[in-house]
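*Asks:* My structure is below; once you've seen it, I'll send some questions.
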Amino acid sequence: MELGRRRDLGSALGLAPAPAKPGQEPRPGAGAGAGAGAGAPGAVRARRFVLCLYLVGFLGCWSDVVGRRSSLLACILLSALGYLILGASTSVFLFALARVPVGIFKHTLSISRALLSDLVAEKERPLVIGRFNTASSVGFILGPMVGGYLTELDDGFYLTAFICFSVFILNAGLVWLFPWSEVKLNSTKHGLRLGKSHALLGKTDREVQEAATRRGTTVSGKPARLPWMEVVSTLRDMKSLIVSEMWDIFLVRLLMGVAVMLYYSNFVLALEERFGVRPKTTGYLISYSSALGALAGFTLGPILRLYKHNSHAVLLHSSVLTFTLLLLYSTAHTMGIVVFSSTLLSFSTAIGRTCITDLQLTVGGAQASGTLIGMGQSVTAVGRVIAPLLSGVAQEVSPCGPPSLGAALALVAIIVMSVSRPRCGGDGSDKLKSE
């Protein structure tokens, strides 16, 4: 059954063994034969692309092996170090050096989402992640306002950097004081599984880490491997995750992400050229849309109850709404239509982001939640590279070019979701029962 195979992704990622089913043939390219076509040019290009994703999605992977607490503390403290160096920088070299730890380790949001997926039941996960995204959005709205005010003061840049350092240290203290011994992992109905008969429902974070360390002994009879070896093993198996197992979900995430980025890429310039709107007014409209996007997290509860917790259906319909609104915006003749489309886009895109994350965890298995969320962030990062290039080409044709191209990409994503619906659609609870 395709669904059962995809729910066992935690095994494919090296976090649990993947027992062969009776009469089941090994998948092509698995095991020792995986390198048969490694010399082909297409395989080389695919390997380079996957290696790029490894670099971006490493820390989502790392938290699955060493635990959320250790990875969170490491990321927070090293990010704080980066802002401390930034605040004390007196040369361009130190300024550039300070960005290195921040760029590598500031992935606390991804690890926090993985932690939330461990702590809540599957049906509650979209609602909790939606509220988490709301809190994050409020931070992104208030942060530039406070930072802009502080930078206008004497030595405001350095003051802002030291305040950021202090906030990260405060966060590290909160993580350290969090009652991890009382944490109950309740990510799925059957609990986190590190082996065929090792259900860890109700165990603490420390016990889960110990079980992960003992996995090599309890399952295969071999000595336990070090955490860094587990990470390397997990990274080595990500190619099957991207190429064969969940390609449709990651493709939808990439297409919808690029579509929305194209909408925002020339928003200010397009409104000025099409309607003569001043950048200041456009800024107010962007802030208005951001505030609505932050509030969209509170609407997920009623929407999910209406759809009976079918994340695939919510994602499909929100993507259809996004496609319609992008098309409407690209053909708008009045500012009223622009404001109307921007208002609804704030809700549809926020809901879509939450549902695609929940769908990744539902289909892929929460036992690899850190890796899955990290890979999703990697796909989004690839979209951030592609979107400006496509926007520049489309902008040469017309100011309406980028949003029109975004609507076309959203339509492709809708088609992909419609075709793959028999394999990944349906209620999450039904999927658990089918296993």
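*Asks:* Quick check on the range 53-64. Is at least one of its residues at pLDDT 90 or above, among the polar types (S, T, N, Q) and not assigned by the TED database to the domain that holds Q360? Show your work before the answer.
*Replies:* Taking the range 53-64 and keeping what is at pLDDT 90 or above, we get none.
Scanning the range 53-64 turns up no residue that is at pLDDT 90 or above, among the polar types (S, T, N, Q) and not assigned by the TED database to the domain that holds Q360.
*Asks:* Would you mention how many residues in the range 134-151 are more than 20 Å from A350 (Cα to Cα) and touching a helix residue (DSSP H, G or I) at 6+ places or on another chain (Cβ under 6 Å)?
*Replies:* Total satisfying the criteria: 3.
*Asks:* Take Y284 and tell me if it is open to solvent by 60 Å² or more (accessible area, probe 1.4 Å) and under 18 Å from M145 (Cβ atoms).
*Replies:* Yes, satisfied.
Conditions (1) exposed (fewer than 15 other Cβ atoms within 10 Å of the Cβ); (2) within 23 Å of W176 (Cα to Cα); (3) under 23 Å from the mean Cα position of the chain (by Cα), marked per residue:
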{"site": "R69", "(1), (2), (3)": "no, yes, yes"}
{"site": "L84", "(1), (2), (3)": "no, yes, no"}
{"site": "S89", "(1), (2), (3)": "no, no, no"}
{"site": "F93", "(1), (2), (3)": "yes, no, no"}
{"site": "P101", "(1), (2), (3)": "no, yes, yes"}
{"site": "S112", "(1), (2), (3)": "no, yes, yes"}
{"site": "G139", "(1), (2), (3)": "yes, yes, yes"}
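*Asks:* Residue by residue through the range 236-265, note down the ones that are at pLDDT below 90 and over 28 Å from H312 (Cβ atoms).
*Replies:* Answer for the range 236-265, where residues must be at pLDDT below 90 and over 28 Å from H312 (Cβ atoms): just R236.
*Asks:* What are the residues in the range 307-323 that are outside any helix (DSSP H, G or I) and touching a Gly at 6+ places or on another chain (Cβ under 8 Å), if any?
*Replies:* Restricting attention to the range 307-323, the residues satisfying the condition of being outside any helix (DSSP H, G or I) are 307-310.
Residues satisfying the conditions are H309, N310.
*Asks:* For the range 257-298, how many residues meet the condition of being of a type in the set (K, R) and in a helix (DSSP H, G or I)?
*Replies:* Of the residues in that region, 2 qualify.
*Asks:* For a quick check of your reading of the model, give me the residue pairs whose first member lies in the range 260-288 and is not assigned by the TED database to the domain that holds G139, whose second is surrounded by 14 or more Cβ atoms within 10 Å (Cβ to Cβ) and not in a helix (DSSP H, G or I), with beta-carbon atoms closer than 6 Å and at least 6 apart or on different chains.
*Replies:* A270/P399; L271/V277; E273/P399; R274/P399
*Asks:* So if I check each of V339, V314, which one is touching a Phe, Trp or Tyr at 6+ places or on another chain (Cβ under 9 Å), of a type in the set (A, V, I, L, M) and open to solvent by 30 Å² or more (accessible area, probe 1.4 Å)?
*Replies:* V339
*Asks:* Going through the range 57-99 one residue at a time, which ones are aliphatic (A, V, I, L, M) and within 28 Å of L116 (Cα to Cα)?
*Replies:* L59, V65, V66, L72, L73, A74, I76, L77, L78, A80, L81, listed by residue number.
The values are calculated or read from the model by the stated rules, or taken from the named source; none is laboratory data. None of the values given here were measured: they were computed from a predicted structure. Note that each Cβ is placed from the backbone with ideal geometry, even for glycine, and that neighbours are counted across all protein chains shown. Accessible surface is based on the protein model in full, side chains and every heavy atom, while ligands, DNA and RNA are left aside. Shrake-Rupley method; radii C 1.70, N 1.55, O 1.52, S 1.80 Å.
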